[in-house]
Amino acid sequence: MAGQGYEHEVKFTKIAIIFSFISLGLGGLFGILQLLERTPGMPQLLDRQQYYTALTGHGVLLAIVWTAFFIMAIAVHVVSRELQVRLSRTLLNITLLMTIGGTLVAAVPILTGDAAVLYTFYAPLKAHVAFYLGAGVLILGTWVFAAAIFKAFIEWKRKYPDKALPIATMGVLTTLIIWLEATPPLVFMVLKDLVPMALVNKPVDVLETRTYFWYFGHPLVYFWIVPAVTLWYFAIPKLLGVEIFSRQMAKVAFLLFILASTPVGLHHQFLDPGVSDAAKLLHTILTFTVASPSLLTAFNILATLEKGGRKAGGKGALGWLSKLPWGNPVFAGLTLAFIMFGFGGISGVINASYTLNYIVHNTLWIVGHFHLTVGTAATLSFMAASYLMVPRLFGRQIYSERMALAQPYLWFIGMAIFSLAFHIVGLFGVPRRTYDVTYAGLAPPEWLPWLIMGAIGGVVFWFSGVIFLANMGLTLISGRRITEPQPCLFTLDFSRLPAATRLDSIKFWVGLAIVVILIAYFVPFLEIYGRGLSPAPPVTPEGLRLG
Amino acid sequence: MAEKNELMQEYIWIGIIIAMLTTFLVILGYVSEAKGFDTPSSAVTCDVRQVRKGEILTPGVKEVAPGIYEVNLKARMWAWIPNSIEVVNPKKIIFKVTSEDVVHGFQIVGTPVNFMVFPGYIAEIQWEVPEDFEGTYLFVCNEYCGLGHDTMWGQLIIKRE
Ligand code: HEM
Ligand SMILES: [Cu+2]
Ligand SMILES: [Cu+2]
């Protein structure tokens, strides 16, 4: 029964996953090219124009497209199976049309070099209008997607009004709520400012547009992380054959993510002129609040791992560690991603302290940081989830179990080297987003060994990505067919679901989140609009002033 | 029994989290106050077109009092104006920086000076220069500002006499 009766959901999931894999491959190719380019002494294959084109492609394809499509795939899979509901076929089809269509429209100017503005597109640097419109349609498509999921959820809720929310569904809903908190003001700004800027050279205020961008930019990171957290909460206990250590704490964590993931964007603007220290302090305090659900997750998953290790016969303070199923690629991928999330969290708290931020701002430290979070905590978790989902969706066994097992370890080792080197060399002041960091020979000599170490680590985890995609491709083409139906991991027995408690009423928390967001953004926007805007005319990346 | 034990552990952990985050915030507040920590929060705006014509913020280095320097900088794709700054026995340098075109980032490698530069806004920051800072420091643009971004750098020369 598990595989049948979900035809259009399965079709959606398959298309979304394949599209996400293509994005990962292309984005990864850009990644390795730019890594080599910016390391002195490595093969330099790009000119300046190509470098920033590749960097824009890398950011957009990996931070937005790969993650968004994979997350939509998991969301459909989880919600339809866990709640045993059907999703609207029309809404899913519109979603695919808009999200894939929008991506392709934005991809054209990126690839032709007419949108070398990076994935943050800070105005008044100007891209071709298709870049902004394509991105806008992609985001609108995700709203249609959210509607499909919420519609199905509401149907389920009508049928089972008193049941507690299943944990994976709660993770998906949290992800979508955060996305819906984050995106509307961004779309508003793009339509109000950036599209007219691209079409008729309308001057725009830098601080205003940046504040809208980072209003979206921080919750974006929770849009990546919450699905990974959901996979850990859901799959790690299953793989260990135990219950999660604390179901309540998991739910509290989701609610805190809903509450505090958005009103913190100014921590990306600590070094911006025109934002008062008071507003920056307010967002710092809220940022420390949103660190708490991550810490709750860290404890909960660690305690679950210990429970599993002890059940398997592990003794002593650390003996349980060796009893964990490290030979299972899904477990290894998820757990290694979780460990890297811990380190990413540590450097994140450092970034969030404005007394330290000026040391690392816009240096390679930041690049080291987010390759641990989105680049590993999310990406490696999604890869592990692929080993679980792809056989069930496509009815084929993973082509090579050995490749699948080596892959997460290789990613982990490569990333450890890459990110350590980038964190350290960032402290020495190497700027990010820069084609050439030799500065005509004036760059401090202590940069070089760390840059080379970073390049070595990057090649290792890039190679792990190649193994992953090759294995997936071979699985789809020539994996052994699975004949007997596979049990679906997500299917639940509703009679065993406990009764709903206060922790299952998301509405209250969404309301509270809106209040906190309004307060947190009232302050900077009052400053920006109260003072009066100071618009600047657009300029192309080639340096052409338009007005 | 086991349930109770787990609940206890949950509370202990929640306590640790709250204590930890509060400690971080207190340290942050203390450092910020004790060191007179300064972010470029100044709220001075300016007209980009006037900046381009040179009517606002004349670039240059001025010693306004013994050891106190005022440095006016303009960012332009792709140069800092001026791209060479020389100061003798500085105690404090006050930077006032704006851009003629797009967003740039001003960072003096090996020092705490690092902030964003916007067209339409004048960023202002003060740096209390420690006594042992001497020699030539590279300064760069650390925010992507178009294709020539990596060529946008200069030098700060600190002389001690
Ligand atoms: C596959 C191997 C990868 C390599 C070799 C790589 C390498 C790099 C390098 C060297 C940079 C910095 C470039 C610069 O600042 O000049 C960078 C930036 C970035 N990477 Fe990766 N990366 C890889 C995978 C990923 C993954 C999987 C993700 C996320 C899912 C990711 C997300 C990003 C983002 C968001 C940026 C910032 C782009 C920007 O500054 O506009 N990368 N990457
Ligand atoms: Cu953030
Ligand atoms: Cu620049």
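The values are calculated or read from the model by the stated rules, or taken from the named source; none is laboratory data. Just so it is clear, the model here is predicted, and its values are computed rather than measured. Please note: Cβ atoms are built from the backbone with ideal geometry, for glycine as well, and neighbour counts cover all protein chains shown. Side chains included, ligands, DNA and RNA excluded: accessible areas come from the protein's heavy atoms. Shrake-Rupley method; radii C 1.70, N 1.55, O 1.52, S 1.80 Å.
Look at (1) β-branched (V, I, T); (2) loosely packed, with under 12 Cβ neighbours inside 10 Å; (3) within 16 Å of ligand 1 (Cβ to nearest atom) and you find that A:T438 fails only one, number (2).
A quick yes/no check of all residues on (1) crowded, with 23+ Cβ neighbours inside 10 Å; (2) modelled with pLDDT of 95 or more; (3) assigned to a helix (DSSP H, G or I); (4) within 16 Å of ligand 2 (Cβ to nearest atom):
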residue	(1), (2), (3), (4)
A:K307	no, no, yes, no
A:K315	no, no, no, no
A:W326	no, yes, no, no
A:G348	no, no, yes, yes
A:W365	yes, yes, yes, yes
A:G368	yes, yes, yes, yes
A:T376	yes, yes, yes, no
A:F382	yes, yes, yes, no
A:S386	yes, yes, yes, no
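Which residues, taken from segment B:117-147, are assigned to a loop (DSSP other than H, G, I, E, B) and more than 7 Å from chain A (Cβ to nearest Cβ)? B:V129, B:P130, B:E131, B:D132, B:F133, B:E134, B:C145 - these are the residues of segment B:117-147 that are assigned to a loop (DSSP other than H, G, I, E, B) and more than 7 Å from chain A (Cβ to nearest Cβ). Taking A:T475, is it in contact (Cβ under 8 Å) with a residue 24 or more places away in the chain and within 14 Å of chain B (Cβ to nearest Cβ)? So A:T475 fails the test. Filter segment A:249-274 down to the residues that are within 26 Å of B:L7 (Cα to Cα) and in contact with a helix residue (DSSP H, G or I) (Cβ under 6 Å, 6 or more places away or on another chain) and list them by number. Those that are within 26 Å of B:L7 (Cα to Cα) and in contact with a helix residue (DSSP H, G or I) (Cβ under 6 Å, 6 or more places away or on another chain): A:M249, A:A250, A:K251, A:A253, A:F254, A:L255, A:L256, A:F257, A:I258, A:L259, A:A260. Within segment A:528-544, residues that are more than 7 Å from chain B (Cβ to nearest Cβ) reach partners that are crowded, with 20+ Cβ neighbours inside 10 Å and among the basic types (K, R) with beta carbons closer than 8 Å, at six or more positions or on different chains, in the pairs A:P538/A:K126; A:T540/A:K126.
Quick check on segment A:218-235. Is at least one of its residues assigned to a helix (DSSP H, G or I) and within 14 Å of chain B (Cβ to nearest Cβ)?
Checking segment A:218-235: not a single residue is assigned to a helix (DSSP H, G or I) and within 14 Å of chain B (Cβ to nearest Cβ).
Yes or no: segment A:285-292 includes at least one residue that is touching a helix residue (DSSP H, G or I) at 6+ places or on another chain (Cβ under 8 Å), more than 24 Å from B:S41 (Cα to Cα) and facing chain B (nearest Cβ under 9 Å). Yes, segment A:285-292 has at least one match. In segment A:426-458, of all residues being aliphatic (A, V, I, L, M) and within 20 Å of A:Y358 (Cα to Cα), the one that is farthest from ligand 3 (Cβ to nearest atom) corresponds to A:L427.
Close Cβ contacts (under 6 Å, 6 or more residues apart or on different chains) running from residues in segment B:78-99 that are more than 14 Å from B:T151 (Cα to Cα) to residues that are of a type in the set (S, T, Y) comprise B:V87/B:Y69; B:P90/B:Y69; B:I93/B:Y69. Taken over segment A:182-227, the residue count meeting the criterion of being closer than 18 Å to B:Y121 by Cβ and within 16 Å of ligand 1 (Cβ to nearest atom) is 3.
Of everything in segment A:24-38 that is touching a residue at least 60 places away in the same chain (Cβ under 8 Å) and buried (at least 20 other Cβ atoms within 10 Å of the Cβ), the residue that is nearest to A:F382 (Cα to Cα) is A:L24. Number of residues in segment A:357-387 that are more than 8 Å from ligand 1 (Cβ to nearest atom), farther than 21 Å from A:W450 by Cα and among the small types (G, A, S) equals 5.
Selection of segment B:148-161 for residues being at the interface with another protein chain (Cβ under 8 Å from one of its Cβ atoms) and away from ligand 1 (no atom under 16 Å from the Cβ) yields only B:Q155. Against the definition (at pLDDT below 95 and facing another protein chain (nearest Cβ under 10 Å)), how does B:G54 come out, yes or no? No: the conditions fail for B:G54. Going by the conditions given, is B:D47 out of contact with any helix residue (DSSP H, G or I) (no Cβ under 6 Å at 6 or more places or on another chain), surrounded by fewer than 16 Cβ atoms within 10 Å (Cβ to Cβ) and in contact (Cβ under 8 Å) with a residue 60 or more places away in the chain? Taking the combined requirement at face value, the residue satisfies it.
On the stretch given as segment B:66-104, residues that are in a strand (DSSP E or B) and either within 16 Å of ligand 3 (Cβ to nearest atom) or under 17 Å from B:E131 (Cα atoms) (or both) total 19. Quick one: would you say A:H267 is part of a helix (DSSP H, G or I), within 14 Å of ligand 2 (Cβ to nearest atom) and more than 16 Å from the chain's Cα centre (by Cα)? Yes, satisfied.
Once segment B:133-161 is narrowed to residues that are without any contact (Cβ under 8 Å) to a residue 24 or more places away in the chain and surrounded by fewer than 18 Cβ atoms within 10 Å (Cβ to Cβ), the residue that is nearest to ligand 3 (Cβ to nearest atom) is B:T136. Restricting attention to segment B:87-111, which residues are closer than 21 Å to A:A443 by Cβ and either touching a helix residue (DSSP H, G or I) at 6+ places or on another chain (Cβ under 6 Å) or more than 7 Å from chain A (Cβ to nearest Cβ) (or both)? Scanning segment B:87-111 gives B:H104, B:F106, B:I108, B:T111. Against the criterion of being open to solvent by less than 10 Å² (accessible area, probe 1.4 Å) and of a type in the set (A, V, I, L, M), A:M403 does not qualify.
Does any residue of segment A:114-122 turn out to be modelled with pLDDT of 95 or more, aromatic (F, W, Y) and on the phi > 0 side of the Ramachandran plot? The answer is yes; a qualifying residue exists.
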